[in-house]
Ligand SMILES: NC(=O)c1ccc[n+]([C@@H]2O[C@H](COP(=O)([O-])OP(=O)(O)OC[C@H]3O[C@@H](n4cnc5c(N)ncnc54)[C@H](O)[C@@H]3O)[C@@H](O)[C@H]2O)c1
């Protein structure tokens, strides 16, 4: 079993580190275009193995896709991150070309891989990779919902002074300010959130969640990596251990939720075949409207991709 992570920057290196610590594969390959960076980071990580007691071997390579051959799962994090003042959508002109070329190389050597996209703008980078990979939609999907939900759950845990382990929540839509947190599907060990928090405070937390990525960009001058890397690794774990976890995942929709031919975050069952099932939940009129607004925002970024004429 081999897992590859493309892009050895903040998110990619963190993700590879979590994968190795969890011993999700015997071999983890970390690939970057910059000479030496993935070799150096991999060596540094491997030197934590005797301390943290794991034996997944991490190999760093510079642009050598042959080393990724026969990967079960490939996580694509290559691209530029956001800087203060930029939206995720601003990244498209650079990252679409990177994600297209990286995906083509990945499938050349791992034609059956499950591909997890992390690069932004997430929903449209998933579509870019899907077009380049020419694989079934079950194989190509993106990480955003686990991260956005984790941000929401962590804010709620702080607010209620309870363990984040006991907060369950669901969030739909695109990975941007139009994401759709669902208070109706938010519980604390089964207790509806409305029993524990007033509506105004909950709405403030929802607004903070929507801008959660931007909050970190403003604090650090670049986008986050610990939670994004861990979230992508959690998806890898669900696949390689065939856990059939239910997660919000950025998935290609073909009629589900009344939406067609675009990537958007929806709950799915994630297992060894990738997307095992898309779960369609009942939404009220207001939730549907928010989801359609989010879909419109993603469609407008897809138009920018079309104008680039890279396919
Ligand atoms: N989906 C999410 O929730 C989420 C969360 C955080 C970050 N991101 C996105 O993930 C991406 C990576 O973020 P980061 O903070 O790790 O950035 P980073 O700059 O630290 O790392 C990106 C790495 O990609 C490499 N790279 C660039 N072009 C490449 C190519 N053609 N082949 C191989 N490697 C290449 C760079 O050399 C760099 O090391 C960004 O697009 C960011 O916006 C997404």
- Determine whether the range 4-19 contains at least one residue that is under 22 Å from residue 174 (Cα atoms), modelled with pLDDT of 95 or more and out of contact with any strand residue (DSSP E or B) (no Cβ under 7 Å at 6 or more places or on another chain). yes
- Keeping to the range 98-135, report how many residues are more than 26 Å from residue 179 (Cβ to Cβ) and in a helix (DSSP H, G or I). 7
- Item | Options 85, 79; residue that is outside any helix (DSSP H, G or I), modelled with pLDDT of 95 or more and more than 17 Å from residue 250 (Cα to Cα) | 79
- Task: Kindly establish whether residue 205 is in contact with a strand residue (DSSP E or B) (Cβ under 7 Å, 6 or more places away or on another chain) and surrounded by 13 or more Cβ atoms within 10 Å (Cβ to Cβ).
- Result: no
- Residues of the range 301-311 classified as without any contact (Cβ under 8 Å) to a residue 24 or more places away in the chain and either in contact with a strand residue (DSSP E or B) (Cβ under 8 Å, 6 or more places away or on another chain) or in a helix (DSSP H, G or I) (or both), total: 3
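Report whether or not residue 66 is modelled with pLDDT of 95 or more, closer than 15 Å to residue 240 by Cβ, surrounded by fewer than 21 Cβ atoms within 10 Å (Cβ to Cβ) and away from the ligand (no atom under 11 Å from the Cβ).
When the stated conditions are applied, residue 66 does not pass them.
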- Would the range 16-26 turn up any residue that is out of contact with any helix residue (DSSP H, G or I) (no Cβ under 8 Å at 6 or more places or on another chain) and under 30 Å from residue 88 (Cα atoms)? no
- Looking at the range 1-42, which of the residues that are more than 16 Å from the ligand (Cβ to nearest atom) and in a helix (DSSP H, G or I) is surrounded by the fewest Cβ atoms within 10 Å (Cβ to Cβ)? 21
- Looking only at the range 71-103, which residues are more than 11 Å from the ligand (Cβ to nearest atom) and surrounded by fewer than 24 Cβ atoms within 10 Å (Cβ to Cβ)? 72, 84, 85, 93
- Item | Residues that are more than 13 Å from the ligand (Cβ to nearest atom) and either in contact with a strand residue (DSSP E or B) (Cβ under 7 Å, 6 or more places away or on another chain) or not in a loop (DSSP other than H, G, I, E, B) (or both), drawn from the range 136-151 | 137, 138, 139, 140
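The values are calculated or read from the model by the stated rules, or taken from the named source; none is laboratory data. Since we're looking at a predicted model, the values are computed, not measured. Neighbour counts run over all protein chains shown; Cβ positions are idealised from the backbone, glycine included.
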